[in-house]
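Written below as structure tokens is the structure these notes are about.
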Amino acid sequence: MLYYSTNHKAPVATLEKAVVKGLAEDRGLYMPENIKPLPKEFIDNMEKYSFQEIAYTVAEAFFGEDIEAEALKKIVYDTLAFDCPIVPVEENIYSLELFHGPTLAFKDVGARFMARLLQYFIKGKGASGKEQDSTVNVLVATSGDTGSAVANGFLGVDGIHVYVLYPKGKVSDIQESQFTTLGKNITAIEVDGVFDDCQALVKNAFMDEQLNKHMRLTSANSINVARFLPQAFYYFNAYARLKESNPAAAANLVMCVPSGNFGNICAALFGHAMGLPVKRFIAANNANDIFYNYLQTGVYNPQPTRQTLANAMDVGDPSNFARILDLYGGSHERITSLISGATYSDDDIKHTMQSCHQLTGYVLDPHGACGYQALKEGLKPGETGIFCETAHPAKFKEKVDSILGIDVEIPERLAAFMRGTKQSVAMSKQFDDFKQFLLAR
Ligand SMILES: *Cc1c(COP(=O)(O)O)cnc(C)c1O
């Protein structure tokens, strides 16, 4: 399968190029040339298949032309070594818990899948005749969550070294422990600056000729096709599990996705294009209401990012908007007929967490809270809603404890990270320091 750029000014790319490069030459995002509808027999009988079987069928449609069946199966089964269950919260509302992976966030699925796919492509390729080490170096700037998912996804993967750049003093202790205690092929770099400085260092590194001659560099950010497409797996599985337990509900399903950079909901929309029987979608935002405003007005007007309680969704110019627009031929009408929006302030998020906890006993994290509330307000009679719970509440323990007046239990795998020893390299925000550091590697 070939991949084209959403800006339509770059040559089409193979899957390998799309995965290794991430972004097209014209700064557009890669899109698969066609989206294969899944067989009716599969769609109609999905409840009979396991999560891994469903995921493999979906993966086959995207990647089957480019990866041998056995290898792809291994990548899929290795990625989904944990469950993504749907949990009933109250009548007609289910939580799709995407936080049972190694770092307790949904990004684990895409990060792990991408690591395995990259490994598949670089295996046995050697130094390609140039004076280069064949190791692929992944650079990732993080404000918290992405770094931990990528670091853990790539941990121990041969032939790949990961550099995680994060702003000193700006990530929580729990988040920091998830990428600074790993060792092996993961190097954490503590930048004396803010997140934007980290991102600038990474961007400059990709553009630096001398550095690119010295080492193979790639990114692992969320616009990579290998990171976002696998997120379609759990939407198919959620539908299948709902149909298994409650067939009538599955016939009238609304899927609600707390969104920031819109990669997750974009994968769900690809699923819909392949035949996933979801009636409609809701994109739930925090106070960063750019998409919500687009739905109301038809005008996409990016804004400076606003800091909120649901900080993994603090995005003022969501990258994957370009993919959504492309998927529907730029038609505002087609988009609004399938997707509606919601936007919540920090106060709304707090009240939602409190009322849900009081009413149902379910502990929401601030991101999932946006999704739950959008269903509470948006479900019509006869509809059943599933919202994504994108992070375990323990990842935001301080906030959740103080909002709900409880003591959220820290799962053992998170506690294990916190017992580890922090190892990181101190770095200034000057590009030349970072460059010299990499050149010396
Ligand atoms: C990344 C993230 C989101 C937003 O997902 P997008 O794909 O960027 O829309 C929501 N919640 C959590 C916890 C996240 O880490």
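The values are calculated or read from the model by the stated rules, or taken from the named source; none is laboratory data. What you see is a predicted model, and the numbers here were worked out from it, not measured in a lab. Glycine gets a Cβ as well: all are built from the backbone with ideal geometry, and neighbour counts include every protein chain shown. Accessible surface is based on the protein model in full, side chains and every heavy atom, while ligands, DNA and RNA are left aside. Shrake-Rupley method; radii C 1.70, N 1.55, O 1.52, S 1.80 Å.
Quick look at the values:
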| read-out | value |
| --- | --- |
| Highest-MSF residue in the chain out of Lys40, Lys74, Lys395 [GNM, Cα springs under 10 Å] | Lys40 |
| Heavy-atom accessible surface of the stretch 181-274: percent carbon and sulfur, 1.4 Å | 49 |
| Part-to-part distance (alpha-carbon centres) for the stretch 237-261 and the stretch 375-441, which is given in Å | 25 |
| Surface per residue (accessible, 1.4 Å probe) for the stretch 62-198, Å² | 37 |
| Electrostatic dipole magnitude of the stretch 289-441 [Cβ: Lys, Arg +1; Asp, Glu -1; Cα centre; debye, to 20] | 480 |
| Spatial separation of Cα centroids for the stretch 52-94 and the stretch 188-222, in angstrom | 31 |
| GNM flexibility winner over the chain from Val408, Val20, Val109 (Cα, springs under 10 Å) | Val408 |
| Percent accessible area from carbon and sulfur atoms, the stretch 286-428, protein chains only, probe 1.4 Å | 48 |
| Surface accessible to a 1.4 Å probe, per residue, for the residues of the stretch 344-430, Å² | 47 |
| Test item: Cα-centred dipole of the stretch 354-432, Lys/Arg +1 and Asp/Glu -1 on Cβ, debye | 200 |
| For the chain: Kirkwood Rh in Å [reciprocal of mean 1/r, alpha carbons] | 22.1 |
| Protection proxy ranking of 366-375, 215-224 - average other beta-carbon atoms within 10 Å, highest first | 366-375, 215-224 |
| Burial order of peptide ranges 21-32, 231-242, 157-168, 283-294 (average beta-carbon count within 10 Å, highest first) | 231-242, 283-294, 157-168, 21-32 |
